[in-house]
C-alpha cells in the first residue's frame with residue numbers, strides 16, 4: 001500500500017456546556033466527518049485520501065475546522081453541506097476552496113471577519 005496523497009483532519013474536540021471556548025463537535029463536525037468520508041469514497045479516492053478525526057486544532061472560535069495536508073490548507077466554519085465542494089474542488093481537482101479558507105491573519109486569533117466571527 002502506498003502512502004496517502006492527502007490527510008484531512010476534522011476537529012472532533014468536545015467541551016462541556018459552559019466552557020469558555022466553543023467546541024467543534026457542537027457545530028456539526030461529526031456530520032462533516034461522515035460526509036467527507038462518504039464523498040471521498042464515492043470520488044474513488046479511497047487509499048489516496050484519508051479523512052481523520054482530530055483532537056483540538058486550537059482554532060475553536062472558527063469551527064468546525066478542518067486542515068488538509070500536505071498543503072496545510074485550513075478551512076473554517078465548515079458545514080456538512082460544504083463537503084461536496086471540498087472533495088470535488090480540493091481533493092479531486094487540487095484547488096482549495098477559497099470561500100472557506102482561513103485568511104492568513106485569522107489562524108491563531110480569537111476573532112476573524114473572514115471566518116464569520
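If I go through segment 86-105 residue by residue, how many of them are more than 23 Å from residue 61 (Cβ to Cβ) and surrounded by fewer than 17 Cβ atoms within 10 Å (Cβ to Cβ)?
Of the residues in segment 86-105, 6 are more than 23 Å from residue 61 (Cβ to Cβ) and surrounded by fewer than 17 Cβ atoms within 10 Å (Cβ to Cβ).
Mind listing whichever residues of segment 85-100 are under 16 Å from residue 46 (Cα atoms) and assigned to a helix (DSSP H, G or I)?
If the condition is that a residue be under 16 Å from residue 46 (Cα atoms) and assigned to a helix (DSSP H, G or I), then 86, 87, 88, 90, 91, 92 are the ones that fit.
Could you list, in sequence order, all residues of segment 42-84 that are loosely packed, with under 14 Cβ neighbours inside 10 Å, assigned to a helix (DSSP H, G or I) and at pLDDT 95 or above?
Across segment 42-84, the qualifying residue is only 42.
Within segment 19-30, is even one residue modelled with pLDDT of 95 or more, on the phi > 0 side of the Ramachandran plot and in a loop (DSSP other than H, G, I, E, B)?
Among the residues of segment 19-30, not one is modelled with pLDDT of 95 or more, on the phi > 0 side of the Ramachandran plot and in a loop (DSSP other than H, G, I, E, B), which makes the answer no.
The values are calculated or read from the model by the stated rules, or taken from the named source; none is laboratory data. It should be emphasised that the depicted structure is a prediction, and the values quoted were computed from it without experimental measurement. Note that we place each Cβ from the backbone using ideal geometry, even for glycine, and neighbour counts take in every protein chain shown.
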